[in-house]
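*Asks:* Have a look at the structure that comes next, please.
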Amino acid sequence: MKRIDKENYYLDIAETVLERSTCLRRCYGAIIVQHDEIVSTGYNGAPRGRKNCIDLGGCTREAMNIPSGQRYELCRSVHAEANAIISAARRDMLGATLYLVGREAKDGSLLHDATSCSMCRRLIINAGIERVVIRNTETEYSMVHVEDWVREDDSLPVQV
């Protein structure tokens, strides 16, 4: 038996975490790893104590035909990356790696274009996370150096 590489090992764990997702559109799982230890995990779902879309039987954004990646303020869920960051101390995230996996909720297919939204990117930057590893296929992944997000500055344009 061939030994799995570290990135896929952690991506597999993040993929298991996404099985707790309560989103009816896309399921995400994230884990934060520092010095080869899992610091925290997160999946997308409603804030604690609030009803999830899966429990309500519907998605507001879907009912309004809002495309993926838009109008997050109408979404009931806290994103997987945000939940992982909320569950960790900043000192444990400085220089850490966040592993992210996404799947379609309807058919379970792997998202080949998974990435962090602009709000989660800001959280990742401020948390001090150094890199993000995103699953592209069952064994392939891409790696983002968070410093690139800082340099690219995908902020919204200033309205005067």
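*Asks:* With respect to T22, is the statement that it is under 20 Å from L110 (Cβ atoms), open to solvent by less than 70 Å² (accessible area, probe 1.4 Å) and at pLDDT 90 or above true?
*Replies:* Yes: the conditions hold for T22.
*Asks:* Related question: Is it true that some residue in the range 98-105 is among the hydrophobic types (A, V, I, L, M, F, W, C), assigned to a loop (DSSP other than H, G, I, E, B), under 23 Å from K6 (Cα atoms) and out of contact with any Leu (no Cβ under 9 Å at 6 or more places or on another chain)?
*Replies:* no
*Asks:* Out of all the residues in the range 48-66, which are within 18 Å of the chain's Cα centre (by Cα) and surrounded by fewer than 11 Cβ atoms within 10 Å (Cβ to Cβ)?
*Replies:* Matches in the range 48-66: R48 only.
*Asks:* With the requirement that a residue be of a type outside the set (V, I, T), part of a strand (DSSP E or B) and surrounded by fewer than 24 Cβ atoms within 10 Å (Cβ to Cβ), what does the range 26-42 give you?
*Replies:* Result: R26, Q34, E37, S40.
*Asks:* Sort out which residues of the range 111-146 are among the charged types (D, E, K, R), out of contact with any Leu (no Cβ under 8 Å at 6 or more places or on another chain) and not in a loop (DSSP other than H, G, I, E, B), and write them in order of number.
*Replies:* Hits for the range 111-146 are R121, R122.
*Asks:* Do we have G69 as in contact (Cβ under 8 Å) with a residue 40 or more places away in the chain, loosely packed, with under 12 Cβ neighbours inside 10 Å and within 24 Å of T97 (Cα to Cα) here?
*Replies:* yes
*Asks:* OK, next. In a strand (DSSP E or B) and either surrounded by 13 or more Cβ atoms within 10 Å (Cβ to Cβ) or not aliphatic (A, V, I, L, M) (or both) - does that describe any residue in the range 77-97?
*Replies:* Looking for residues that are in a strand (DSSP E or B) and either surrounded by 13 or more Cβ atoms within 10 Å (Cβ to Cβ) or not aliphatic (A, V, I, L, M) (or both), one finds at least one in the range 77-97, hence yes.
The values are calculated or read from the model by the stated rules, or taken from the named source; none is laboratory data. These numbers come from a predicted model, not from an experiment. We place every Cβ from the backbone using ideal geometry, glycine too, and count neighbours over all the protein chains shown. Surface accessibility is based on the protein's heavy atoms, side chains included, excluding ligands, DNA and RNA. Shrake-Rupley method; radii C 1.70, N 1.55, O 1.52, S 1.80 Å.
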